[in-house]
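The values are calculated or read from the model by the stated rules, or taken from the named source; none is laboratory data. What you are looking at is a predicted structure, and each value in this text was computed from that prediction instead of being measured. Note that we place each Cβ from the backbone using ideal geometry, even for glycine, and neighbour counts take in every protein chain shown. Surface accessibility is based on the protein's heavy atoms, side chains included, excluding ligands, DNA and RNA. Shrake-Rupley method; radii C 1.70, N 1.55, O 1.52, S 1.80 Å.
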Amino acid sequence: MSVLNAERIKLLSTRSPWWCALLAIALPVGLTALIASQAQIQPGDAGNGVYITQMLSSLGRAVVLVMAALSITSEYRFGTIRSTFQVVPHRATALLAKTAVTAIPAMLIGAAVGFGSWAVFQAINSFPELALDTAQDWRAVAGQVLVFGITAVLALGVGMLIRQTAGAVAVLLVYALLVEGLIGLIPKIGDDIQHWLPFFAADRFLGLQDDIPQLRDLPLGPWGYLAYFAAVAAAVLAAGILSAQRRDA
Amino acid sequence: MIEAVGLTKSYGKTLAVDNLSFSVPTGRVTGFLGPNGAGKSTTMRMILGLDTPTGGSALIDGKRYRDLHQPLRTVGALLDAKWVHPNRSARAHLQWLARSNKLPAKRVDEVLEIVGLTAVAGKRAGGFSLGMSQRLGIAAALLGDPQVLLFDEPVNGLDPEGILWIRKFMHRLAEEGRTVFVSSHLLSEMALTAQELVVIGRGKLISQSSTEDFVAQATENTVLVRGPQLGHLRTALGQAGASVRDEGAGLVVSGMDCADIGELAARTQTVLHELSPQRGSLEEAFMQLTGDSVEYHTEIADAPTPATLVPAGK
Ligand SMILES: Nc1ncnc2c1ncn2[C@@H]1O[C@H](COP(=O)(O)OP(=O)(O)OP(=O)(O)O)[C@@H](O)[C@H]1O
Ligand SMILES: [Mg+2]
């Protein structure tokens, strides 16, 4: 508990997390407002459903990737990781506390992005299809809480492995924004690989673009995909903690 | 009490610390002396469990650092004053450290007071001068009121006033019965600060002794003799068991004091122009002792140096 508190003081005593949080929310919600003002949805369209309000959430997710990675790499950059391990020599405890203290704000950001995007879309361009009726509708919006939290865990793990801000951020962004999409373009095997990539899994949990034909016949259901996404994040985090324990601080 | 036993650390091919054993007694200031790159910081990082030794171990009161519960209460350390987030205030920095070890929040204000940073406690640490950063680091080390304190080159870059403050401060800590281990690459500084000395060069132990003994043993006393005709005297000195070396037109004699040399000169009927005792400087002595173990040699001989009062040792 004391270690969690120490991490909380660390997080809240610099301003950059606040700016990151603001950006992570404002970027997707703001652009969703823009899209909402242009959107034309006909009843019965293939494109309708609550998830269309969430199409830009990946932007917020990208900012959370950066924010979470920074929370650990900046400690390496400024040497405070040494102070951290000096006061809490049990490194796994220190790093798990940091993970918790980073993942919880990420979940709050996820909630703000999910409900914010939905609400702003509704306010600007209201359709009956956008009401939160079914469990699936709720999953698309409230599910962002879990997706953002797990995203933060994944980024922390990568940050622990790479340690350098530039390296970690580059790897995370290039992977999340480019690599996952490009792998699908590989002939034949591309699709099968793509079905097991973490952010693809996150999107399937949210139900983004559920109706596209090539996204039927998937190996897992939405909750299966969530569990898979969480497992990948947990594995990366475990690797990060293991590496921090093995290597010199 | 800190104890290092066979401590070894290699980074790839670099052997930074080589089978180093020493002990740091309680109630005294122990200096940890060595030229640049000797492995002082590496040793301190290993004592704090930040770097894992390749071999051997370092124990604090018989325990490995990693096994300490709430280590700030046992060991306080300032390894690098820059290990602070530049955008965090001094107070917030101390607050999270204190909280992690369940230390009372009021302790933060106490240590700020001790090091004299109360007025700037709310300012961001990134804007601190080196002296202020150093004080903040010392405040952090004192948080848990620990019995054992480690400081890595705490006076580096400080002005004379800051140096004096730190020196007095360390003496007080030791007088309170604490173990104080402080590194430096300046013997002259350590001669004033430390009562005990652990001297290393290239990762190896050169000596562990009291500062007095080290200085006495290190600064060999010689006598400079000058005169127009020193040939006979030279022979006589050699026969009397003194060692003699040429120094310009004169002789540098070791192993015999001025009085004996003067009498010998009278007996050999030698005219003397000068007969003066020379005392080697501390830095020279230190360089002589660690001479072979300096990591980065500079070609001093090539540099145009002003004439020194004390003849160079070699
Ligand atoms: N993390 C590291 N990786 C590789 N080599 C290292 C590392 N840390 C130290 N070294 C090497 O180990 C040796 C000892 O370095 P160390 O910093 O311990 O010396 P020092 O006695 O503290 O020197 P200084 O007086 O300059 O602070 C040096 O050769 C240094 O280059
Ligand atoms: Mg050093």
task = Would you compute, from DSSP H runs of 4+ residues alone, the mean residue ellipticity of chain B at 222 nm, taking -39500 (n - 2.57) per run and dividing by the full residue count, rounded to the nearest 500?
result = -9500 deg cm²/dmol
Qualifying trypsin sites (Lys or Arg not before Pro) for the stretch B:69-154 [loop in DSSP, other Cβ within 10 Å: at most 16] = B:Lys82, B:Lys102, B:Lys123
note = Normalised Cα Rg of the stretch A:129-249, dividing by 2.2 N^0.38 Å with N its residue count, works out at 1.17
task = Note down the magnitude of the dipole of the stretch B:2-217 about its Cα centre, charges +1 on Lys and Arg C-beta and -1 on Asp and Glu C-beta and zero elsewhere, to the nearest 20 debye.
result = 840
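For a 29 Å ceiling on Cα separation, which of these pairs sit above it: B:Lys40/B:Lys106; B:Lys9/B:Lys63; B:Lys82/B:Lys102; B:Lys63/B:Lys123; B:Lys106/B:Lys168? Please report the intermediate quantities before stating the final value.
Numbers: B:Lys40/B:Lys106 34 Å; B:Lys9/B:Lys63 19 Å; B:Lys82/B:Lys102 24 Å; B:Lys63/B:Lys123 37 Å; B:Lys106/B:Lys168 25 Å.
Check vs 29 Å cut-off fails for B:Lys40/B:Lys106; B:Lys63/B:Lys123.
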key: Surface share of carbon and sulfur [accessible, 1.4 angstrom probe, percent] for the stretch B:3-115   = 47
query = When the accessible area of each residue in the stretch B:50-72 is compared between its chain alone and the complete protein assembly (1.4 Å probe; ligands, DNA and RNA ignored), which residues differ by at least 20 Å², being lower in the assembly?
reply = B:Leu50, B:Asp51, B:Thr52, B:Tyr65, B:Arg66, B:Pro71, B:Leu72
request  = With only Lys, Arg, Asp and Glu charged, each at its Cβ (+1 for the first two, -1 for the last two), find how big the charge dipole of the stretch B:94-161 is about the Cα centre; round to the nearest 20 debye.
outcome  = 440
ask   = Taking only Cα atoms, what is the 0 to 90° angle, nearest 10, from helix A:135-162's long axis to the longest principal axis of chain A?
value = 30
Choice from B:Leu197, B:Leu59, B:Leu149 with maximal GNM fluctuation in chain B (Cα, 10 Å cutoff) = B:Leu59
